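A short worksheet on the structure shown next.
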Amino acid sequence: MKRALLAALCLFACAAHGAALRPGAANVSYSVWIVSGSSVLVRFLLPTPVARSLTGIDVPVLTTRKLGDYVLQHLDVQAAGRNCPAVDQGYDLGKVDPLAVGADLYGFEILFRCPAASALALHDHALFAHAPGHVNFARIEKDGHTVQQLFTANRQTLSVPDGVAMPSAGVASYLGLGAMHIALSVDRLCLLLGSLLLIRRKEEAGHAFAALLVGYAAALLGSTPGWIVARPTLLEPFMGYMVALLAALITLRELRQPRISALGCPALLAILALAAAFTHAPWAALMLFGGAVLAGSLLTASAWLSAPVGLVPLALLGFLDGFTLPSALAPLHLSPRSQLWMTAGFDAGAVLIAALAMGTVLGVFALVRERLTAAPRTLLNEIAAACLGGLGTFWLVSRLYS
Amino acid sequence: MATHDIHVERRRSRARLIPLLTLRLPRSALLPSIGIAAGLLCAGIGLFQRAPPERSTVPPGYAALVNQKGILESDLISQATAELGKPFAEVTPAERARVLREMIDEELLVQRAMTLDLPETTTEVREAMTAGVGAQVAAPLLAEQPTDEQLRAYYDAHRSKYTTDGSMQVRDLILHIGGYENADQSEAQAKIDATEAVYQLRSGASVDYVMEHFGLTDSGHTLNGSEPDFAAKLHLGDTLYPVAATLNEGEVSDPISDKDGMHVLIMERRRLPTTADFTTARSAVYADYREDVSRAAERENVRILRSQAQIILAPGESE
C-alpha cells in the first residue's frame, strides 16, 4: 500500500507540472547597484535564454534596444519617497547604455540621479510578472562596502539604510531559494518520491537521505574551488535520465522483469547516444553513452546488491543539484568564500525540503498502513514505474533536443 | 636458529598472502562495479567541464587580446606593411606600437558597435555589411580570370550595352487640316498639299518659302538643337519617331498623317547609333562581366539564405 500511495503522489506531482523545463535556462539575472551620493549606477545583466523568454510577451522582437527599454521600464530608484529619473547618457545612447558582457549575456547600464541622497529604495520589477520564480542576484556597493542581496517576486524593493552598512542577504534567503528550487522541480520530486518505492525497511529511509546528503556535500566540495562547472544544457536532461533509471530499477526490483529493464533502458540510451553523435553533439553523446553503461551495470548489479543500488540515483541527484547555484552564480565571479556560504544555504534548503517531502510521505504511509492492506500493490507499482519511465524519457529526450 | 626463524616467518607471510592472491570477487559483482564506475566517469566527463579560464596571457600567434578577443600577429604585420609602405622587417618598434594601438582602438570601436547593435539600427553599417558579404561570396569566382572566349560570348550576348546612342536635329512641320485659310479642306486635300510641299523641299526649295506657300508651321515637338534619340522619341511620339529614325541627314520624309494634321519631317543633322567592336570595348566588357558574375553569386547566396531562413510576413504584406 505504501507503494500505491507513493505512486499516487508521483502522479499528482507529475500532473501538477507536466511541461519540460527549458534546459540550461536558469531563471536568474544579475544586477550591480553602485550608490554614490545621490546617484545610483545600475548594471543589469540578463542571460540570453532568459531574455529570449521575454520575446512576444514584453519585448516584441529581441533586440538590444528593445530589451534596454524593457529594463529601463522595470528598474526604479527612489530617494526619500521621490522618484529618481534616469539620466540621458549622451551621444545617441539615451538613458540605457548597452554593455559588452560576454556572448551569453545582455548587459545594460542606467544612471539614476536622485533629488536626495537619503532613504534610498532600489526597485527591480523585471521578469517577475511572467516568471514568479525568477531571482535577481544583486550586488550593492555603497561607500566602499559591498553586499550581496536578492530580488525575488516577493521582494522587489531593497531599502538602503542611511549611515549604517547595508546587510547582505542572510543564509535564510538562500535556504528559501534552495527549498523553492526543489519544491518547484517536478523531476527532482519524482526522483525523491520515486526512490521511496525501493525502500522496504526504516533504516533504508535513513540510508536514502544520507545518500542525498553525501551527494550535496560532494558537490559543495567540488564546486567551491571553481575548477569544474556543470554544462547546464546537459544537467537537466540527465535529471530526466535518472528518473527513467529509477523507473527501470523499480521494474527490476519490484516486478521482476529483468529483461525489460536491464536491456531496454541501456538500449534506449545507446540509441540516443548514437543520435547525439550523428548530430555532432559529442558531450551529449558521451553523457548518454556513460548513462547507458551506468544503467546497464547498475541494473545488473541490482541482482546482487539489493539495498545500495537505490541510493545511487539519490546520491547523483544531490551531487548534480549541488551544482545548480554555483552555475547560476558563475557570471558574478564571487570569491570561493562568498559562494560557499551561499551554496551551503541553498543546498541546506534543498535538503530540508527533500527531507520534508520524503518524511511526509513516509509519515502518511505509516499512519494509513494498517487500514490499506488490500490494495493491488503490483499494479500500482507498475503504474508508478510506467509513469516515471515515461516522464523520465520524455524529459531526457525533450531537454536534449530542445 | 636465526636462519630457521627467517624461513618460518617467510612461510607464514606466504600463507597470509595466498588467500589474498587467490581472492576473486564474484564475477557478477566485479563487472557491474567496473561498469558503474566507467558509466559515471563517461557521464561525468560529458556533464562537467573545466571552468573556462579568464585569459591573462596572450596566446601564441596573437599580438594582443582586447576583451578576450584576439588581434592576430599576421594581421598586425599586414596592417603595418600596408600602412607604412615598407617591409615589416624595416618597421621600427615605435611604428609597430603605433599600428597596434590603432588596431586595438579599432577593435574596441567594433566591439562597441556590436554592443550598440549598430547592424540592426544603422543604415550605413547594414550597407557595409551587405557589401562585405557580397564581396566575400563573389571573391572565389572573381579570382578566376575570364578567357577571351568567355568575354567575347558575353559581348555578343550583350551587344546593346556597347552601342552608343545616336542623336538627331529634326524639323517637324505640320499642316493643320481645315486651318485658317481653308476651313473646308479635307484630309485628302491636305495630303495633296503636303505631298507637293515635300516635292518642292526635295527639289531644293527653301523651308521658309514652302512653309509660307503651303501654310506649314513648326509643330513645336522638337528642340532647336540636336537631341539624343531617346529624347527625340519622347518628343515626336510613336507615330513620327519611327519615320524620323529612318531618315538620313538632309532627307525629307513623306507626309505623315497624325491626329493634329499632316506632318513633314526634315532631318537637318543626324548621328547614327554606333556599336563599339570587341577590341575597343574589351575593358568595359571585362568590368561588366565581373559585375554580372558578382551579382549572380550574390543572388545565389541570397537564394540559399532564403531557403534556410524563416521569413514571416505581416498580414497584408507581400514581397
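Observations on the structure shown:
- Along the stretch B:142-150 the Karplus relation, 6.51 cos²θ - 1.76 cosθ + 1.60 evaluated at θ = phi - 60°, assigns HN-Hα couplings of 6, 5, 7, 6, x, 7, 4, 5, 5 Hz to successive residues, with x for each Gly and Pro.
- Here is the P(r) of the stretch B:235-319: all C-alpha pair distances, binned every 5 Å from 0, give 3, 10, 11, 10, 7, 6, 8, 9, 10, 11, 8, 5, 2 in whole percents.
- The stretch B:48-119 shape via C-alpha gyration tensor axes, a/c threshold 1.5: oblate
- Between the helical axis of A:202-223 and the longest alpha-carbon principal axis of chain A there is an angle of about 40 degrees.
- The stretch B:79-235: relative contact order as a whole-number percent, Cα under 8 Å and 6+ apart: 21 percent
- Exposed-site-free run, longest, chain B (rule: trypsin sites (Lys or Arg not before Pro); DSSP loop; at most 16 other C-beta within 10 Å): B:56-258
- Apportionment of accessible area to carbon and sulfur, the protein assembly as shown, percent (1.4 Å): 60 percent
- Put simply, chains B and A cover up around 2400 Å² of each other's accessible surface, both sides summed, when a 1.4 Å probe is used.
- Per-residue accessible area (protein heavy atoms, 1.4 Å probe) orders B:253, A:53 as A:53, B:253, starting from the largest.
- Across chain B, the mean sequence separation of Cα contacts (distance under 8 Å, 6 or more residues apart), normalised by length, yields a relative contact order of 18 percent.
- The magnitude of the dipole of the protein assembly as shown, with charges of +1 and -1 set on the Cβ of Lys/Arg and Asp/Glu and taken from the Cα centre, is near 7300 debye.
- Amide N of the stretch A:140-158 lying under 14 Å from the label point, which is placed 7 angstrom from the Cα of residue A:57 along Cα→Cβ: A:153
- Taking a ≥ b ≥ c as the square roots of the eigenvalues of the Cα gyration tensor, the stretch A:196-301 is classed as oblate, since a/c reaches at least 1.5 and a/b does not exceed b/c.
- Relative contact order of chain A, pairs being alpha-carbon contacts under 8 Å that are 6 or more residues apart, as %: 24 percent
- Range in chain A, longest, excluding exposed trypsin sites (Lys or Arg not before Pro) [loop by DSSP; at most 15 other beta-carbon atoms within 10 Å]: A:1-199
The values are calculated or read from the model by the stated rules, or taken from the named source; none is laboratory data. Everything quoted here is computed from the prediction, not taken from an experiment. Using ideal geometry, Cβ is built from the backbone for each residue, glycine included, and neighbour counts are taken over all protein chains shown. Accessible surface areas use protein heavy atoms only, side chains included; no ligands, DNA or RNA. Shrake-Rupley method; radii C 1.70, N 1.55, O 1.52, S 1.80 Å.
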